[in-house]
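Peer 1: What follows is a single structure, and I will ask about it in a moment.
The values are calculated or read from the model by the stated rules, or taken from the named source; none is laboratory data. Predicted model only: the values in this text are computed from it and were never measured. When we count neighbours, we look across all protein chains shown, and the Cβ atoms used for this are built from the backbone with ideal geometry, even at glycine. Note: accessible area is taken over every heavy atom of the protein model, side chains too, but ligands, DNA and RNA are not part of it. Shrake-Rupley method; radii C 1.70, N 1.55, O 1.52, S 1.80 Å.
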Amino acid sequence: MWDAGVFNGGATIALIAILHVYIAMFAVGTGIFLYAGERSARRRNDAGMLQYLRTHSKFFILVALVAGAISGVGIWFDIGLIAPEATGVLIRTFVWFWALEWIFFALEVVTALLYYYTWDRVRPKLHETIGLVYAVSAWMSLFLINGIISFMLTPGRWPETHSVWDGFWNPSAIPSLVMRTAVSVILAGLYALITSASVEDADLRSRLVRFSTSWMILGFAALPLGGAAWLAAIPPESRATLLSGANPASLFFLMSMAISFVMALFVWAGPYKKPSMVNTALAALLLVMGFAATGSSEWVREAVRKPFLIYGYLYSNNVYKQEAERLPENASILARAKWAGERSVAPDRELEAGEAIFRSACMQCHAVNGYNGIVPLVAHWSEEYIEHQLSHLDELEAAMPPFHATADEKRALAKWLYAISRPGGDAP
Amino acid sequence: MTPEVIPDPFPVGLPAPPVLLEILLVLTFLLHVLMMNVLLGGTLTATGLEIAVRLGRRDLRPAARFLVKLLPNVMALTVTFGVAPLLFLQLLYGQFFFTSSILMGWYWLAAVLLMLIGYYGLYVAAWRQGGRRPWILAGSALCFLAVAYAFVHNLLLMTRPHTWLYAYLSSPGGGLHLPLGDVFPRYLHMILFGTSLTGALLVGSSGGIEEGGSRMAGMRVGLWVLTLSLVAQIPVGAWYGSTLSAGAVQALGASWYARVLFVLALVSNGAGWLAAYRLWRTAGTGIKTGIPERAVRFFPAALVFAGTAAMMLLRQFVQDFELQSFLPAGSWKVEVQPVLTAIFLVGLTLAAAVVAWLLYRVRKDRAGGEGPPGAGLPAGGPPGPEREKTAV
């Protein structure tokens, strides 16, 4: 179990994944945007717009290819660090989908570079075709990855059948795909809005703003449809968490919806109606709002899955549900933990044993201090009370998996938690 | 004895026979190594060339320019071709690879950030003029050197489960656990592969430079880089060999496959050097054969890469040997997904065909469009004044 310090592994994946999702969806949307934009500009012989698209595609390469690809690699590195068991299971189940996704990713890279380097150097028709291959490949990678990500929350019939097709076409796959495609289109429009805000020619700017905002409006219209279908498809416990209104996941969910709604209003009442009033500041504000909305909804998706990594199959602490059900309530955790330096609770090493238990059973979700830190959570509890609660963790907080340990081990963990959470306690 | 920290087998089987997965791992890894060698060696060499240009060697400018313009694209392909072998490695040897990554912790994750910084550096160097270019390139080179160290360290740590538990207990947040003396020979070995391939490439590409002085200067530098790298490889390779485990050495010695690969590596690198030397002596025209000059210029790089590839296959042989002895029974249980396996293989072929077709069409259009900018092309966008700045 990796000890990431104050951050806790969960925080690192949240950070990288949100960044990556934002950039990747932007790349998908912009692919479609560039293709449609170039096609329409050529039909209308709009030289100004073509010149704009050309500049736009340069920044697109910088952001999408570089940051998009590297943050994607970052996700691979990070999920291996924080959830090796789930990553292993996912890879073994879905490797061909990932491999297909890789093919499309490679096509994306090649065609994005070609697209950029061949502006005005090949026949317009061929250039459009390159753009089309890019757009299709980018959307296909979204389609393939979406099946795997949605699988983690709604594995559907897979735990019984172990059929990869059941896993891929899981209940929330299509609703998520609709939502993600809609967001991609919105982000593409948003980004185009920013770059067009600085175009000199007022007439061209108006045309561009109109074009990019109509994209955003299209996306905003599709978003609630996908969202409603998604809510209907997720596990009832997760839905209840989201709609209760009284926990962080639910608040973030509401926030993400509220921001999207306000953005839609802004875009419609502002630049769409009056293209002349757009400026870089407004566009940048929208971009920040877009990031906040995407970020909180990704965070929500992770949060409602707890205590599972693969819903109903594998817990966040890398224990399989089936295995947990078989374990007697007082099965020794140290005997199961391969990495604990301590093999059992020796009378003179209770604190060391407590720490080792924390590392193997709790650190997947709790830092000591910091992200979901344990110290503030137990700061006002007595040692006895902590020990008592350790037998009911999954009832105390629905987001926690059941905790199996011997009475000695629970006492040692309680002792350690109590020791580190006192003011001046020796928290590492 | 198998250390008990090795994770239990995953409950889900492999989706195809291990042989197929291993072949895919090796093939995609070779593509990755090809790109990665040019990237690492190229960034180092380009830094040196740019410094030389800045110090007044104007005749090296075309050679430097060639590398600087090439590198961002090489980086894109390095990453692309890196993802696939990473996937197959995790599939076959996930129990080892995940563990060694976790043991490195932040050091492993930091590699991602360094890749990003290095990558942007390459773009800045390629797109901006100005006096700071050598420094930007040097920064990228440092990033890539660090990333390479993280990879070598991880892949080595992966094969040493005996050291894991101690490593974890001594620094649970992650660290660089292996002694420098164990990692360094292999690390230097890799870097020298990179510079030798870059040297060979530079001899060839400089052979195509019009202006005579710059052509000879570029080829000369390329030949020097190649020669020095190959010479240095002899002691470094021997040093690396001496750090291999006794079991691995025995297995290498007993295998015909390994012996043939080793001879091939030596012969191919030697032939690559001769081809480069010959090209330099004939000022870029090469031997008079029926083969077009443009193709002849790539002989040195192709031969040197073939030599590198043979060494990489040997490296894979050693890695498989080490890991197989630790792999818990049942780890390679197979549950074939026949339809998806077929879709993948067909998809790969189709994608390669699409890329080949697009490249062919682009070449054809551009050949037709030679001459003044835009000539031979139907009027599309405005002829870009930007073209000179951004063209590669």
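Peer 1: Here is a list of conditions, (1) at the interface with chain A (Cβ under 8 Å from one of its Cβ atoms); (2) of a type in the set (Gly, Ala, Ser); (3) open to solvent by less than 10 Å² (accessible area, probe 1.4 Å), and B:Ala64 meets all of them except one; can you say which number that is?
Peer 2: Tallying (1) at the interface with chain A (Cβ under 8 Å from one of its Cβ atoms); (2) of a type in the set (Gly, Ala, Ser); (3) open to solvent by less than 10 Å² (accessible area, probe 1.4 Å), B:Ala64 fails exactly one: (1).
Peer 1: Of everything in segment B:244-262, what is touching a residue at least 40 places away in the same chain (Cβ under 8 Å), part of a helix (DSSP H, G or I) and in contact with a Leu (Cβ under 9 Å, 6 or more places away or on another chain)? Give them in sequence order.
Peer 2: B:Leu252, B:Tyr257, B:Ala258, B:Leu261, B:Phe262
Peer 1: Tell me which residues, restricted to segment A:151-163, are part of a helix (DSSP H, G or I) and open to solvent by 10 Å² or more (accessible area, probe 1.4 Å).
Peer 2: Hits for segment A:151-163 are A:Met152, A:Pro159, A:Glu160, A:Thr161.
Peer 1: Read through the list (1) within 27 Å of A:Glu101 (Cα to Cα); (2) modelled with pLDDT of 90 or more, then give the number of the only condition that B:Ser100 fails.
Peer 2: So B:Ser100 meets the others, but not (2).
Peer 1: In addition: Of all residues in segment B:92-139, count the ones that are open to solvent by less than 40 Å² (accessible area, probe 1.4 Å) and either within 12 Å of another protein chain (Cβ to nearest Cβ) or not in a helix (DSSP H, G or I) (or both).
Peer 2: Qualifying residue count, segment B:92-139: 25.
Peer 1: Residue check, B:Gly175 against (1) over 20 Å from B:Leu145 (Cα atoms); (2) touching a Gly at 6+ places or on another chain (Cβ under 9 Å), all met but one. Which one?
Peer 2: Here B:Gly175 meets the rest and fails (1).
Peer 1: Still on this model: Of all residues in segment B:155-170, how many are touching a residue at least 40 places away in the same chain (Cβ under 8 Å), of a type in the set (S, T, N, Q) and open to solvent by 30 Å² or more (accessible area, probe 1.4 Å)?
Peer 2: The total comes to 0.
Peer 1: Only one residue in B:Val152, B:Val221 is open to solvent by 30 Å² or more (accessible area, probe 1.4 Å) and either within 23 Å of B:Gly82 (Cα to Cα) or modelled with pLDDT of 90 or more (or both). Which one?
Peer 2: One residue alone meets the criteria, B:Val221.
Peer 1: Out of the residues in segment A:103-130 meeting the condition of being of a type in the set (Phe, Trp, Tyr), facing chain B (nearest Cβ under 7 Å) and open to solvent by 20 Å² or more (accessible area, probe 1.4 Å), tell me which one is farthest from B:Pro11 (Cα to Cα).
Peer 2: Ranking the qualifying residues of segment A:103-130, first place goes to A:Tyr117.
Peer 1: I'd like to check something: does segment A:33-45 contain any residue that is open to solvent by less than 10 Å² (accessible area, probe 1.4 Å), facing chain B (nearest Cβ under 7 Å), without any contact (Cβ under 8 Å) to a residue 60 or more places away in the chain and of a type in the set (Gly, Ala, Ser)?
Peer 2: no
Peer 1: Within segment A:136-157, identify whether any single residue is at the interface with chain B (Cβ under 7 Å from one of its Cβ atoms) and in contact (Cβ under 8 Å) with a residue 12 or more places away in the chain, and answer yes or no.
Peer 2: Within segment A:136-157, not a single residue is at the interface with chain B (Cβ under 7 Å from one of its Cβ atoms) and in contact (Cβ under 8 Å) with a residue 12 or more places away in the chain.
Peer 1: Might you let me know whether segment A:245-256 holds any residue that is open to solvent by less than 80 Å² (accessible area, probe 1.4 Å), over 18 Å from the mean Cα position of the chain (by Cα) and at pLDDT 85 or above?
Peer 2: Checked segment A:245-256: no residue is open to solvent by less than 80 Å² (accessible area, probe 1.4 Å), over 18 Å from the mean Cα position of the chain (by Cα) and at pLDDT 85 or above.
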